[in-house]
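Reviewing the structure listed below.
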Amino acid sequence: MTTDDDAALGIAAAERRRRFRDRVLFLATWVVLAAAVVLFLGGRLDLSFYGTWGLFILGGALNTILLTVFALAVACAIAVVGALARLSANPVVNGIASFYVSLIRGTPLIVQIFVWAFGLAAQGVVLPLFEAGVIALAVNYGAYMTEVFRAGIQAVPAGQREAALALGMPERLILRRIVLPQAIRIVIPAIGNDFIAMIKDTSLVFAIGIQELVSRANQSGRQESRIMEALLFAALIYWILTFVFSFIQGRLERRMARSDR
């Protein structure tokens, strides 16, 4: 083994030790901060509240997850159609899509939730509250994701589409077999970020009476006059959910990066 090889091995070993030390310090920082929060709040909270109401509040997490999953699935479908419309050469189709994106992005989500739940009911169109919440979240996020999908489609190299046209493939087949699969791979990180953001935005449907995390926390906290304990527990569950899905998103992105290489 040459001197250069020994030096390279030494540098690699030093780099591994540095990464290990950084991870230990990172974890220790989290532990210290978590311990500080627990010590600060521990003496001010009635921990018996969690034994009585913890499972009740936790049950709201199921509706939170269901709202997020259903709304994101519908939002992705809306976004694909919206992105294709935004890229259309037809001025009417493009105008409709642009108007939708501008209107939804220019108004608050809570107002949109009230419109779907109560505004339509006042006009004689009554939707179940859960469906109204799903539609409001899907339509709102669909507008934002329309621009994400549009950018993803435009990021696919134009040469691939031109090559497919030269081979005689029809436009629809090119879109389905070549453009959309690559565009979806490009926008997956952004979809993951929207999924995590939507988990927290589902708390807004509490305003229309859907039994999710915030609704159950508010209900139990007011009944026992322990609002702080209830809201902190709901916040902890949101944090855990976002942490878990952020971890899954990170693993997915790393796996996709390896496959690309």
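The values are calculated or read from the model by the stated rules, or taken from the named source; none is laboratory data. What you see is a predicted model; the values in this text were computed from it and never measured. Positions of Cβ are backbone-derived with ideal geometry, glycine not excepted, and every protein chain shown enters the neighbour counts.
The condition of being touching a Ser or Thr at 6+ places or on another chain (Cβ under 6 Å), assigned to a helix (DSSP H, G or I) and under 25 Å from residue 76 (Cβ atoms) holds for only one of 195, 243, 206, 247, that being 206.
Residue-level check: of (1) modelled with pLDDT of 90 or more; (2) more than 20 Å from the chain's Cα centre (by Cα); (3) not charged (D, E, K, R), residue 146 misses just (2). Please verify whether the range 125-146 includes one or more residues that are more than 21 Å from residue 211 (Cα to Cα) and either outside the structural domain of residue 203 (by TED's automatic domain parsing) or surrounded by fewer than 14 Cβ atoms within 10 Å (Cβ to Cβ) (or both). Yes, the conditions are met somewhere in the range 125-146. Of all the listed residues (187, 179, 156), the sole one being surrounded by 14 or more Cβ atoms within 10 Å (Cβ to Cβ), of a type in the set (Val, Ile, Thr) and under 15 Å from residue 75 (Cα atoms) is 187. Could you please give the count of residues in the range 62-103 that are in contact with a helix residue (DSSP H, G or I) (Cβ under 7 Å, 6 or more places away or on another chain) and at pLDDT 90 or above? Qualifying residue count for the region: 23.
Anything in the range 151-165 that is at pLDDT 80 or above and either more than 30 Å from residue 201 (Cα to Cα) or touching a Leu at 6+ places or on another chain (Cβ under 6 Å) (or both)? List them, or say none. Before the answer, list the steps.
If we filter the range 151-165 for residues that are at pLDDT 80 or above, which is where we start, we get 151-157, 163.
Of everything in the range 151-165, those that are at pLDDT 80 or above and either more than 30 Å from residue 201 (Cα to Cα) or touching a Leu at 6+ places or on another chain (Cβ under 6 Å) (or both) turn out to be 156, 157, 163.
Considering only residues in the range 60-72 that are of a type in the set (A, V, I, L, M) and farther than 19 Å from residue 150 by Cβ, the one that is surrounded by the fewest Cβ atoms within 10 Å (Cβ to Cβ) turns out to be 62. Among all positions in the range 4-21, there is at least one residue which is exposed (fewer than 10 other Cβ atoms within 10 Å of the Cβ), among the acidic types (Asp, Glu) and at pLDDT below 80.
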